[in-house]
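Since the structure comes first, as structure tokens, the remarks are kept for the end.
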Amino acid sequence: MSSRALRQPLSLKLTSATFLTIWCVIAAFPIFWIAVMSFKTPVDAFDANALNVIFGPATLAKGNGLSVLAILLGLAVLWGTFKVASKTMPNMVRSYSKPGLQWLGWLVGCAAVAIGFLLVFFAILPMVLSVLNPVLGPLGQDVLGLTTEHYKTVWIDRGFSNNFQNSLLVTAGVVSVSLTVGTLAGYGLARSGSNLAFWILIIALVFRALPHSVLVAGYLPVFISSAEWLSPILGDNAPTLYGKPWAVIAVLVAINQPFTIWMLRSFFQNIPADLDEAARVDGCSHFQAFRRVIMPVMWPGVITTGLFSFLLGYNDFLVTSLLLDAQNQTMVPAIAGMFNRETTTTDQVVAVAAAVSITAPLFLLVMVFQRQIVSGLTAGAVKG
Amino acid sequence: MNFKTFAAFVGPSIFMMLLFIAFPLISVFSQSFYLTQPIYEIIEVETCTPGFITQTCVTEEQSIPKLDEHGDIIKVTKFVGLQSYRNVLELERAWDAITSGSWRAFQSIDFWKALRFTLTFTLITLPLNIGLGLAIALVINNASKAVRGPVIFISLLPFIITPVIGALSINWLFRGDGVLTAAMEWYTGRDIAMFAQAWTIELLMMVYRVWHVAPFAAIVLYAGLQTVNQDSLESALIDGATRWQRLRYVVIPHLMPLIVFISMIHLMDAYRVFEEIVGFSSQGHVISLQWLTYDFLVPDQAGNRSISRASASAMLTMIGIIVLLIAPLRRTWRDHKGGH
């Protein structure tokens with residue numbers, strides 16, 4: 001199409017660019033801001049003046065700060081890590097790992113980059129700086145207040161690592177079980193045009209709309225008294241399901257199933273049915289066709305669906321807070337509890353640091369899997 | 001694919017959904033008609049305190065829960081019919097409030113308060129979400145290829161963040177003299193407290209929700225914009241359509257199925273509004289239907305959970321979902337029948 005006729009007037013271009021910039025600022029600002037707040041002393045973090053929050057004079061006065069040199073070197077290390085992670089590491093993985101063992105190569109590569117980064121950033125960099133800072137005069141003077149004490153408080157004193165482990169356990173369980181169950185169902189539904197398949201999908205859609213509290217109201221009494229009604233089957237060591245992470249995993253998997261099967265079905269519909277037809281002609285059963293022909297090509301869809309399952313498990317508040325007891329919480333209810341319970345500003349900043357800690361993995365997730373997330377968001381919608 | 005193979009593939013998933021979704025629904029339905037309570041017995045207790053000449057003794061009747069031989073409280077479950085629903089709905093109080101024309105009295109009843117907020121929240125955020133999403137999609141589509149990737153990355157952040165944490169992060173910007181409250185005070189010259197009255201909290205919750213879900217709408221619509229038929233755009237141009245007319249009569253009709261899809265998802269999700277209440281800790285001013293059920297389920301000071309009332313409020317919440325879903329489901333069914 002002739003681009004001349006569609007050329008936009010300058011005013012429209014400017015409006016469009018301005019709007020885009022404003023949106024980006026609005027989208028990133030709250031997250032950026034809590035990240036800044038988490039590194040300051042309470043006085044700075046809740047200061048009404050934005051500049052004081054950023055530069056942190058009170059934090060600086062306590063002797064915690066960064067010099068210009070430190071900021072520059074730190075940024076250089078971050079940039080270098082990003083380059084290595086996005087260019088060098090993938091290339092090395094591709095050239096050195098054996099075919100079929102690619103995933104192992106990726107694992108080793110990622111671990112190497114992570115360890116290298118931690119070593120350089122937290123061990124070598126401070127050593128270099130402690131030598132250089134006094135030498136360089138004004139460049140070596142602290143200008144930006146910054147303290148990591150709140151992170152230490154959260155992770156070490158408050159036992160947040162315990163919550164982290166619980167979150168990890170629940171999320172890993174949800175992702176693996178819900179993908180295993182969902183892939184089979186999604187494949188079955190995609191390859192069957194029967195009325196039954198249609199009804200299953202419709203009922204799944206209705207289930208997806210249910211408020212989770214409705215379901216939890218159903219589980220709670222049953223879970224609390226499970227030792228009684230399970231004892232005829234399991235005998236004396238019948239477990240109380242309330243407070244057990246694996247019971248929560250099962251619940252979250254079920255809640256997630258409707259979404260998972262809808263999404264995986266739409267991915268499987270995009271894999272031509274001729275592929276498994278051909279395998280069937282060659283004498284495979286349905287399961288063999290699935291295992292040998294479909295499984296090797298289904299990974300993009302499975303990874304995308306897995307990401308959304310991960311988000312469900314990781315972000316859940318309602319189910320985990322009601323079905324796990326207070327000593328055994330996952331991260332989100334723990335932070336909400338911290339925020340609601342604590343009244344001093346120090347405790348609030350500690351809660352902020354915890355909130356940033358829980359957001360950081362999500363940030364990395366978007367960075368690595370941006371394409372898969374976007375394709376997942378559009379998969380259900382655009383293909384109809 | 002024959003039925004047996006189909007069942008083998010779909011079976012585990014159906015089993016999970018039956019066990020953890022369908023079965024709880026049935027159990028919630030039946031729980032809402034029953035009430036489990038400890039049995040109380042009234043006993044006379046004589047308490048004596050040493051007095052000046054004689055002891056002063058007071059005999060009073062106390063009702064204490066009956067214990068069984070293990071020392072556990074005996075509980076009985078009995079059929080109470082619609083009693084729990086009456087307790088949640090408080091129809092008489094509501095009717096009194098309506099007849100006396102007092103909105104405030106009507107809104108002091110938890111259920112109606114929650115219903116009012118849930119509905120206004122859902123209906124106000126819907127057009128805002130679609131509008132902002134469409135605007136973002138259009139400007140991303142208008143931007144040069146090089147910036148699209150980073151912009152989509154930034155746009156995904158509000159969508160992907162944990163809802164409770166997202167709400168908290170906005171809460172911290174406004175709490176007390178947070179930076180944004182301070183900025184607004186400086187701009188208006190007035191003292192502003194965002195968490196002192198209900199309507200500002202509701203406003204913040206809606207702002208948060210639109211911030212959180214608009215990226216989803218934007219990315220879906222952006223993908224839709226890639227498939228707009230260039231020929232019809234060109235013909236519209238030749239016919240002399242202005243930019244606005246091209247958007248209104250070519251692009252938006254093309255995006256309509258996507259807009260319907262986003263609206264449906266939004267209605268379902270906004271009706272379940274819950275995390276905002278936690279993140280803004282607004283339960284003193286504003287509550288939602290899902291929060292009402294949650295609140296009944298959380299043990300009170302004595303450690304009791306009002307399960308039957310929670311079940312009743314859950315069932316009432318369900319009615320709303322069914323009303324919401326009737327229209328789209330009827331359409332899907334018609335499409336399905338038309339397809340065969």
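The values are calculated or read from the model by the stated rules, or taken from the named source; none is laboratory data. Source: prediction; values computed, not measured. Please note: Cβ atoms are built from the backbone with ideal geometry, for glycine as well, and neighbour counts cover all protein chains shown. Heavy atoms of the whole protein, side chains included, go into the accessibility calculation; ligands, DNA and RNA do not. Shrake-Rupley method; radii C 1.70, N 1.55, O 1.52, S 1.80 Å.
Give me a single rounded figure for B:86-93: the average over its residues of other chain Cβ atoms within 10 Å of their Cβ.
Values: counts 0, 0, 0, 0, 0, 0, 0, 0.
Shielding by partners across B:86-93 averages 0.
In whole angstrom, how far apart do the alpha carbon centroids of region B:239-296 and region B:175-205 sit?
24 Å
Given Cβ point charges of +1 (Lys, Arg) and -1 (Asp, Glu) and nothing else, what value in debye, to the nearest 20, does the dipole of region A:280-384 about its Cα centre take? Provide the component values of the computation, followed by the final result.
Working: 6 positive and 5 negative charges, 129 e Å.
Once rounded to the nearest 20, the dipole reads 620 debye.
Mean separation of Cα pairs under 8 Å and 6+ residues apart, divided by the residue count of region A:310-376: what relative contact order is that in percent? Each step should come with its number before you reach the end.
Working: 23 pairs, mean separation 13.3, N = 67.
For region A:310-376, the relative contact order is 20 percent.
Whose amide H sits under 5 Å from the amide H of B:Tyr34, counting only residues 5 or more places off or on another chain, with H placed in the peptide plane?
B:Val80
Please compute the length gained on full extension between B:Trp186 and B:Ala8, using 0.36 nm multiplied by the number of residues separating them and subtracting their Cα-Cα distance. Mind dumping the intermediate values first?
Details: separation 178, 0.36 × 178 = 64.08 nm, distance 6.56 nm.
Contour length minus the Cα-Cα distance gives 57.5 nm.
For region A:146-194, which chymotrypsin sites (Phe, Trp or Tyr not before Pro) are in a loop by DSSP, counting at most 11 other Cβ atoms within 10 Å?
Numbers: sites: A:Tyr151, A:Trp155, A:Phe160, A:Phe164, A:Tyr187; in loops: none.
Listed in order of number, the matching sites amount to none.
With labels modelled as points extended 7 Å from the Cα through the Cβ direction, what inter-label distance (nm, one decimal) is found for A:Asn195 paired with A:Ile22?
In this crude spin-label approximation the distance works out to 5.4 nm.
Could you list, in their original order, any pairs among A:Lys62/A:Lys152; A:Lys244/B:Lys75; A:Lys40/B:Lys145; B:Lys78/B:Lys113 whose Cα atoms are separated by more than 27 Å?
Working: A:Lys62/A:Lys152 17 Å; A:Lys244/B:Lys75 25 Å; A:Lys40/B:Lys145 38 Å; B:Lys78/B:Lys113 29 Å.
In this structure, A:Lys40/B:Lys145; B:Lys78/B:Lys113 lie more than 27 Å apart at Cα.
Which parts of region B:1-28, residue by residue, lose 50 Å² or more of accessible area when the rest of the protein chains are there, as against the chain isolated (1.4 Å probe)?
B:Met1, B:Phe6, B:Phe9, B:Ser13, B:Met16, B:Met17, B:Phe20, B:Ile21
With +1 on the Cβ of every Lys and Arg and -1 on the Cβ of every Asp and Glu, and nothing else charged, how large is the dipole of region A:159-341 about its Cα centre, in debye rounded to the nearest 20?
Numbers: 8 positive and 8 negative charges, 43 e Å.
Computed about the Cα centre, the dipole is about 200 debye.
In percent, how large is the relative contact order of region A:66-145, given Cα pairs closer than 8 Å and 6 or more residues apart? It would help to have the intermediate numbers written out before the result.
Details: 52 pairs, mean separation 43.6, N = 80.
Value for region A:66-145: 55 percent.
For region B:103-339, with every protein chain kept in place, what is the accessible area per residue (1.4 Å probe, Å²)?
Numbers: 10320 Å² over 237 residues.
Heavy-atom SASA per residue in region B:103-339 reads 44 Å².
So what are the ³J(HN,Hα) numbers for region A:24-38, from phi and the Karplus equation (6.51, -1.76, 1.60; θ = phi - 60°), rounded to whole Hz, Gly and Pro as x?
Running phi through 6.51 cos²θ - 1.76 cosθ + 1.60 with θ = phi - 60° gives 4, 4, 4, 5, 8, 4, x, 6, 4, 5, 5, 5, 5, 4, 5 Hz.
Along the Cα→Cβ direction, 7 angstrom out, place labels at B:Ile326 and A:Leu72. What is the inter-label distance in nm?
Using points 7 Å along Cα→Cβ, the separation is 7.0 nm.
Provide the per-residue ³J(HN,Hα) series for region A:7-14, in order, calculated from phi with Karplus coefficients 6.51, -1.76, 1.60 and θ = phi - 60°, each as a whole number of Hz, with x at glycine and proline positions.
Once θ is set to phi - 60°, the couplings for region A:7-14 become 4, 9, x, 4, 4, 5, 4, 5 Hz.
Mind listing the phi-derived Karplus ³J(HN,Hα) values for region A:166-172, rounded to whole Hz, using 6.51, -1.76 and 1.60 with θ = phi - 60°, and x for any glycine or proline?
For region A:166-172, the Karplus curve yields 4, 4, 4, 4, 4, 5, 4 Hz.
So, for region A:66-145, what is the accessible surface per residue at a probe of 1.4 Å, expressed in square angstrom?
On the way: 5470 Å² over 80 residues.
Value returned for region A:66-145: 68 Å² of accessible area per residue.
Using the Cα centre as the reference, give the magnitude of the dipole from point charges on the C-beta atoms of the protein assembly as shown (Lys, Arg: +1; Asp, Glu: -1; all else neutral), rounded to the nearest 20 debye. Each step should come with its number before you reach the end.
On the way: 45 positive and 40 negative charges, 660 e Å.
My answer is approximately 3180 debye.
Full-extension gain between A:Ile156 and A:Lys83, please, as 0.36 nm times their residue separation minus the C-alpha to C-alpha distance.
Additional length available on full extension: 23.1 nm.
What is the gain in length, in nm to one decimal, between A:Ile115 and A:Ile303 on full extension, counting 0.36 nm per residue of separation less the C-alpha to C-alpha distance?
65.2 nm
If you average the alpha carbon positions of region A:341-361 and of region B:91-166, how far apart do those two centres end up, in angstrom?
25 Å
Buried accessible area for the A:B pair, summed, 1.4 Å probe, in Å² rounded to 100? Present the calculation step by step, with values, prior to reporting the outcome.
On the way: alone 23100 and 22190 Å², together 36480 Å².
Summed over both sides, the interface buries about 8800 Å².
Which of the trypsin sites (Lys or Arg not before Pro) found in region B:189-286 are in a DSSP loop and have at most 11 neighbouring Cβ atoms, other than their own, within 10 Å? Provide the component values of the computation, followed by the final result.
Working: sites: B:Arg190, B:Arg209, B:Arg243, B:Arg246, B:Arg248, B:Arg272; in loops: B:Arg190, B:Arg272.
In loop regions of region B:189-286 (DSSP not H, G, I, E or B), the sparsely surrounded trypsin sites (Lys or Arg not before Pro) are B:Arg190.
Go ahead and estimate [θ] at 222 nm for chain A from helices alone: -39,500 (n - 2.57) per DSSP H run with n ≥ 4, summed, over the residue count, rounded to 500. Provide the component values of the computation, followed by the final result.
Working: 21 runs with 284 residues, N = 384.
-23500 deg cm²/dmol, from helical runs alone.
Just to be sure I understand the model, the point goes 7 Å from the Cα along the line to the Cβ. What's the resulting B:Glu60 to A:Ala50 distance in nm?
6.0 nm
Restricting to Cα pairs below 8 Å that are 6+ residues apart, what does the relative contact order work out to for chain B? Please round to a whole percent.
Numbers: 338 pairs, mean separation 74.5, N = 340.
With pairs under 8 Å counted, the relative contact order is 22 percent.
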